[in-house]
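Just below is one structure, and these are the notes that go with it.
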Amino acid sequence: MKFKRRRTLVERGILTFIHDIQLAAMAGSLAFFKNYEILNTFYGSLQLLLILQVTYIFVFLRRVNKMVDIVTNRVFDTYNRFSPSNNHETESLATLTTLKRFSKDQKFSKGLMREADVTVRENQLYHIKENAPEVQFPKLRPFMGLSCQNCTLTSRDSLVSKTTETLALKNILDHRPPGDTNGFLQRTLGHLRQVYRLKKFDFPQVADLVLKDARLRDAVEKTTLQQYRDSNNDGDEEFYLRLLENNRRRAKKLLFDMRSTLSDFLLRLTSWVLYKLLPSFLTSVVVHPGQVDMLKRAGKSNLPLIFLPLHRSHLDYILISFILLNNDIRSPLVAAGDNLRIPFFGSLLRGLGAFFIKRRMDPVMGRKDHVYKAVLHTYMNMCLKAGHNIEFFLEGGRTRTGKPCMPKYGILSIILDAFIDGTIEDALLVPVSVNYDKLVDGNFIREQLGQPKEMETFGNAVRGIWKVVNSNYGMMRIDFNQPFSLRELVKTFNVNGKIVIPNGLSNKKPLTSNLSTSSLYGTDVVSEQHKTLVESISKHIIYDCAQSTSVMSTNVLAYLLLTKFREGATIEKLVVAVDDLRQELDYARKDMGFTGDSIDVINYAVEMLGPGLIRKERHDNEDVIKPIAMLPNVIELSYYSNTLVTHFALESVIAVSIESIDKSSGNVVHHELIENVQELCDILQNEFLFCKPCQSLEQVVTSRVDDLVYRKRIFLVDDEEETELNVRSRRLARQFDDDDDETEDDRAPQKIYKLNPNKEAVDVLKYLKTAVAPLVETYSITAFTLDKLVGRQLLENELINDVLSELRSQLSSGAVQYGESVSVDTIKNALKLYQQWGVLECHAEKKLKLYYLKESHDDSDSVTALYRRIQKFR
C-alpha cells in the first residue's frame, strides 16, 4: 500500500508541475500585455516555484528507485527461502551463484551511487563557498516627477521614501475587494462595495459668501460709476440705482453660471459607472502607488493641493478625479472652459467639480470687465479658503500637436495673489503628466489643416461617447509629480520683487515672450510686479510635466518611423532601433509605459496605430513596416512622435546648428556652435522649453554637446587632452566661478571640435536633425509668406491659409520634405514669434485678428532678411 501511495504523490506532483507551467505562461503573457511590474515579479516567483517542484519530483523518483531495489531483494530472498528443493544440485548451485552475483552487483551499484552523491554534494558545497550565487533582482523603474533640487530642495526631501519609490505599478481598473473574493456577492457587487466604503468629504458651497464679499461689491460699484459717467446722465440718482441693480444681477448670474456643485453622491455614482464603462475601451489605467502615497501624505497637511496636468483629452480630468476619489484623496474643483457648459453634460461636469470660466476675453473689453474678474477672483479665493483642492490646465486647452503647449498664466496668477495677500498660508503644487497608447478624443487633423474647430454640442458628445466605448484605446498612464510648496518656490524665485536664478546661474541670452492679450493674465488680473514670477513658475511646471511623461509604445514606433525609417524598415532593423532607443531612455531615466521584448512591443504598437498610419508589407520574405508619411495621415502620426521629439529637442537643435555652420575645414568652433544653438532655441521658443527657469541655457547646451562628444561620438577628440572627467570638472568649476569680468575666452583657448567622418556618426547626426527639421521648414515658409503683407493687412485666417497653400505647393514640388510641416499650430507659433521680434503687428478685437507688418519692416528687404535668418537652419 505504501508503494502505491508513493506513486500517487508522484503523479500529483507531475500534474501540479504541468499546471504551474500553464500559470507561468499566462503570467508571462500578462506581464507583457498588461504592462504591470507586479506581474513580472509574480512571473519570477513562479519560475522559482517551478525549480523547487522539479527538484521535489526528482527526489521523489530517487526514493521510489531505492524502494524498488529493496522490494526486489526481498522478493528474491523470499523466493530462495520458500522455493521447493531440487534434486539437481548443479541447478541449485547455478541459481545460488546467480543470486549472489545479482546481490553483489546491487551492492556495487549502490556504492557507486553513494560515491557519486558525495562527489556532487562536495562540488556543490565548494561552488557555494567559492562562488556566491548570482541573484537577479527585478529591474526597478525610475521614480518620475521628483521636484527640482535647485528651487524646492526642502519639498524634495518630503513625502517620498525608498519604499514609495520601489512600489510596482498598479492598474486601477483591476480592483480586488479585500478578503475572500470567491463569493458570488463579492464578485458581483465588488465595485459597489468599493464606492460605498470611500472616505466621505464635505464640499462646502461658497456662492453666498462670494456675493457678500467686499471685493465683488467694490467691483460692482466701480463698474456702475464708470457706466454712469459714460452715460452723461449726471444727477439722475434713479438711473444710477438701476445700473447698480443690473450689475448686481449680472454678478449673480455670472456666479451662477460659473460655480461648481461638487457632490459626494454623484462622485460615487460616477465612480461605479466608470468601473463598468472604462474596461470597454481601455485595457488599463496605470498609476504608481508611490505617487498616490505622496498625495495621501500631502492631503494630511491641511494645505490646498493644486493639480496642474498636461491636457491631452477630455478624459484627463475625469480620470484624475476618479483616481483621487478611490484613494481617499479630496476631489478637486476643476477649471473648465465655458464651451463645455452644454445641456446635461455641463450639469454632470458641474456636479463632478467643474467650474466654468471664459476661455478667451476681449483684450479691450476684458480690461473694463471688473465684475467678471472680481467674481472669478473672489470665487477661487473662497474655494481655497474653504479647503477645496483646485485643478486646472496651464496649457489652457488640449494640445493639438502632442507637444506641451506654452503656459497660460491667468488662474495661477489668482492662486499666487491669494497666497501673497494672505488668503491661504501656502499651497502644494502637483504637476501631473498624462499619456495614452491611442488618443481617446480622436485626431486633430482637420484643425491642423486650417478647418475651424467643431464646437461641443450635446449631439457631438453623445456620438463621441458611442464611438469611444466601441473602440480600443489601449493603456492610459498618469504620473503625479512630487507636491512642492508654493511658498518655497516663491521664496526661491522672488527676492525684493526680482527674479533670481538659484546658484548664481544666469542666461547670457534669455528667451523673451510677450503676454497674451486675450487671457485673464493679459487683462490685468494680477499686478504687474508678479507677472515675471508667475511666468517662471508656470514654465517650470510645464517643463517638469514634460520630463515626467511616460513614453508609450506608440510614441516609440511613430518617432522612429518619422525620424529614422521614413521609407520603412524590416522588423529586424526596427527591433534593433527600439532596443537602442530604450537604452537611451533608460540612460536619461525616462520611464516607459510598456515592458517585454521589442518585437512584441512593435507588433502591439502597429496594431494600436492601425493601417491608417502604419502599413505592413511583405518584401523578399521579410516583413517591412512603413509609415503613411503623406498628408493628412502624417499629421496624426507626428502627434504620437512629438512626445519623444520634446525629449530630444535640444539634441536635435544642436544637430541642426552643426549643419548650419561652415564645415569646409571639418572643424566646428565651440563658441560659434553655442551661438547658433541659442539662436535656434530663440526661434523655437514657442515650441519647446529647453531648460528650467532656474538653469542656464548655455550650460545646459554645453552639457548636451559634451554628451554628443563622448557618448555618441559625433566629434573626434584627443582622449589624452580631453577626457570626460576633465569636461565635468570644468563644467563644475564654471558653476562656482564668481569672476564675471573675465570671460571663458580670456581664461582658456577656444575649443575646436573635429567632425567624425565615420558613417555611424554621420547617421546619428542626420537622425537627430530630423526631429525639429519640420518645424524649421514651417517657420521658414511662414517668414517667406509675410511678403504678402507688404503694404497691406490680412485677417488671421487669410494669412494662415496663404501659408498653408505655400507649404502644400512646396511639398508637392519637393522643396518641403516633411508632410507634418503643414500644421496650423506651428504657423500660429511662428506668427507669435515674429510679433515678439517686433516684425509683425496684430490688432485683436472680439474674435478677429488683423495682421500687418510693423512700419519699420514694411518692405520686401526686411521680409527677405527675416526669411534668410530662418532659412540658414534648413
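A short reminder: the numbers here are calculations on the coordinates, not readings from a lab. Keep in mind the model is a prediction, meaning the values are calculated, not measured. Neighbour counts run over all protein chains shown; Cβ positions are idealised from the backbone, glycine included.
Residue by residue, segment 546-556 carries 3J(HN,Hα) couplings of 4, 5, 8, 5, 6, 8, 8, 4, 5, 5, 5 Hz when phi is fed to the Karplus relation 6.51 cos²θ - 1.76 cosθ + 1.60 (θ = phi - 60°); x denotes Gly or Pro.
Look at M406, M476, M630 and count the other Cβ atoms within 10 Å of each Cβ; fewest to most, that gives M630, M406, M476.
For segment 553-587, backbone nitrogen atoms closer than 16 Å to the point 7 Å from E622 Cα along Cα-to-C-beta are found at 565-578.
What pairs in K403/K769; K626/K788; K276/K590; K199/K467; K252/K539 have C-alpha atoms more than 27 Å from each other?
Values: K403/K769 17 Å; K626/K788 38 Å; K276/K590 32 Å; K199/K467 34 Å; K252/K539 35 Å.
Checking Cα-Cα distances, K626/K788; K276/K590; K199/K467; K252/K539 exceed 27 Å.
In this structure, the amide hydrogen of L333, modeled 1.01 Å from its nitrogen in the peptide plane, lies closer than 5 angstrom to those of N389, I390, E391, counting only residues at least 5 positions away or on a different chain.
Report the full-extension gain for the segment R193 to R589: residue separation times 0.36 nm, less the Cα-Cα distance, to one decimal in nm.
On the way: separation 396, 0.36 × 396 = 142.56 nm, distance 3.89 nm.
Roughly 138.7 nm would be gained on extension.
Amide H contacts under 5 Å for D623: I571, restricted to partners 5 or more places along the chain or on a different chain, H placed in the peptide plane at 1.01 Å from N. Backbone phi angles across segment 573-578, fed through the Karplus curve with coefficients 6.51, -1.76 and 1.60 (θ = phi - 60°), yield HN-Hα couplings of 5, 5, 4, 4, 5, 5 Hz in residue order; Gly and Pro are listed as x. Ordering H540, H843 from the fewest to the most neighbouring beta carbons within 10 Å gives H843, H540.
Sorting I870, I628 on the 10 Å Cβ count, fewest up front, what's the list? Show your work: numbers first, answer last.
On the way: I870 23, I628 19.
In increasing order of surrounding Cβ atoms, one gets I628, I870.
Taking label points 7 Å from Cα along the Cα-to-Cβ direction, L348 and L225 give a separation of 4.7 nm.
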